[in-house]
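Only one structure is covered here, and it is reproduced in the block below.
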Amino acid sequence: NDEILNKSSKTAARVFGRLKLIKNDLDIFNKLIIAETNSIVNVLAAFLLLKASGNIVAEKETIIDIVTLSESVKDLENLPDLISQLIDDPIYRKHLFYREKLIIMIAKSDTVRRNGRGAES
C-alpha cells in the first residue's frame, strides 16, 4: 500500500533527521533507547543509523549510550543471552568500553499488556 509506504518513509526520514541533529548539539540527549529489543540485530541497526547520520560510534569521542528496552516476558527470559551476545560483539564491546556503562531497561507496563489477561493467545 502506497499510503503505508509513504507514512513509513516520512517516519524514517523524521527519525534520521533527529539523529543528525544530535551530532550538531551534544546536549540534546545522550541515550538512544531501543524499544522492544529482542535481538542483537536491533542494537547493530541502531549503531548503523547513528553512524550513517554522522554520530560517533564505538570511538573515544562517542557520547551516546545505547539502551536496550525489554518489554515482553519472552524478551526478559532471553535477556541474559542478549547481553552475552552484545558483550561478545566487537563493535558493542568497544562502544561499551568508551561509555563505561551498560544500561538495560525493563518495562513492566508493556509486559502486562503483552502477556497478561488481555494478551492474545
Problem set entry | Failed item, numbered, when residue 28 is tested on (1) in contact (Cβ under 8 Å) with a residue 12 or more places away in the chain; (2) within 30 Å of residue 76 (Cα to Cα) | (1)
Seminar exercise, completed: The condition from (1) at pLDDT 90 or above; (2) over 15 Å from residue 105 (Cα atoms); (3) out of contact with any Pro (no Cβ under 9 Å at 6 or more places or on another chain) that residue 58 misses is numbered (3)
For this session: State whether one or more residues within the range 66-73 are farther than 16 Å from residue 95 by Cβ, modelled with pLDDT of 90 or more, touching a Leu at 6+ places or on another chain (Cβ under 9 Å) and buried (at least 17 other Cβ atoms within 10 Å of the Cβ).
Result: yes
Problem set entry | Filtered residues of the range 74-120 (kept if part of a loop (DSSP other than H, G, I, E, B), modelled with pLDDT of 90 or more and of a type outside the set (D, E, K, R)) | 102
For this session: For residues that are modelled with pLDDT of 85 or more and assigned to a loop (DSSP other than H, G, I, E, B), tally how many sit in the range 1-29.
Result: 0
For this session: Looking only at the range 45-65, decide whether some residue is surrounded by 11 or more Cβ atoms within 10 Å (Cβ to Cβ) and in a strand (DSSP E or B).
Result: yes
Exercise. So, in the range 67-86, of the ones that are of a type in the set (A, V, I, L, M, F, W, C) and touching a helix residue (DSSP H, G or I) at 6+ places or on another chain (Cβ under 6 Å), which residue ends up nearest to residue 15 (Cα to Cα)?
Worked result: 86
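The values are calculated or read from the model by the stated rules, or taken from the named source; none is laboratory data. Source: prediction; values computed, not measured. Because the Cβ atoms are built from the backbone with ideal geometry, glycine has one as well, and the counts that use them run over all protein chains shown.
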